[in-house]
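J.: Here's a structure for you.
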Amino acid sequence: MPTTETPRRVRRREETTRLFAEISEATDDATRDRLRDEVVVVNLELARTLAGRYRNRGVPIEDLEQVASLALVQAVRRFEPAPERDFLSYAVPTIRGELRKHFRDLGWIVRPPRRIQENQSRVVAAFEERTRTGEPRTAADVAAVLGISVEDVDEAMRAQGCFHASSLDLPVGQDSTTTVADTLVRDSTAETEAAETRAQLEPMIRCLRERDRLIIRMRYVEDWTQQEIAEAIGVTQMQVSRLLRRILRDLREMTPAS
């Protein structure tokens, strides 16, 4: 169903088109930069609106607006005007993509495996799009659209809770005086040993080469598979396996003798 643009949106579109026409005709970089800055200012409301759609998902709205604004600047810099090519049709997906990437990379309080992280952003986007268009939005429908299993969709939706932290002071039941913290098993010895291990490893990891540190972080912090690491750094999965063995050997050799 076609939508009618508000007068404000019409003015924004017309002003943006005019500015890009002037950018195309500008003869010096300073003028082009000034005009691009004007395009950003004209469309800042759009960036804030897109950021606002992700409000209350565990990331401060100020951070989201900053991400959206930076994505808008990138879109303005990269956009190449052409007949029948609208800036907003390029900018909106760019800004949405950066917002989703921000959630994927930095918005997790509890970080699930990378496969779930990537599915989560796709699944949420698919649900939002089907809601907007009035299409069926069951897990089976979304799974069929994305080419993944229904179990993957359910798993991705459950991962949304990883963006929010609940207080340990919350009662476990409506009439209970027992808090979540009271139910946690505390092993002070294990916690102390883990802290000591981290303190010992930190200076040793800093001594590794940059790529080795990257591999360690991807494998043991971000929970990447060896195949994912291989694709990211441009080697084979077998080479990643050898690299990990060599890095762990190097770390063991750095460990002071007890």
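The values are calculated or read from the model by the stated rules, or taken from the named source; none is laboratory data. Computed from a prediction, not measured in an experiment: that's the story for all the values here. With ideal geometry, Cβ positions are generated from the backbone for all residues, glycine too; neighbour counts draw on all protein chains shown. Ligands, DNA and RNA are stripped out before the accessible areas are found, and what is left, the full protein with its side chains, is counted by its heavy atoms. Shrake-Rupley method; radii C 1.70, N 1.55, O 1.52, S 1.80 Å.
J.: Being within 25 Å of PHE20 (Cβ to Cβ), touching a residue at least 40 places away in the same chain (Cβ under 8 Å) and aliphatic (A, V, I, L, M) is the requirement here; does LEU50 meet it? Don't jump to the end; show me each part of the working.
T.: Working: within 25 Å of PHE20 (Cβ to Cβ): yes; touching a residue at least 40 places away in the same chain (Cβ under 8 Å): yes; aliphatic (A, V, I, L, M): yes.
Yes; evaluated as a whole, the condition is true for this residue.
J.: Now for a different question. Show the residue pairs that are 6+ apart or on different chains and have beta-carbon atoms under 7 Å apart, the first residue being within region 234-251 and closer than 17 Å to LEU201 by Cβ and open to solvent by less than 70 Å² (accessible area, probe 1.4 Å), the second being at pLDDT 90 or above and not β-branched (Val, Ile, Thr).
T.: Nothing qualifies.
J.: Related question: Condition first: in a loop (DSSP other than H, G, I, E, B) and modelled with pLDDT under 90. Can you find one or more residues in region 39-54 that meet it? Steps first, answer last, please.
T.: Keep residues of region 39-54 that are in a loop (DSSP other than H, G, I, E, B), which gives 53-54.
Adding the requirement that they be modelled with pLDDT under 90 leaves 53-54.
Checked against the condition, which is being in a loop (DSSP other than H, G, I, E, B) and modelled with pLDDT under 90, region 39-54 yields at least one hit.
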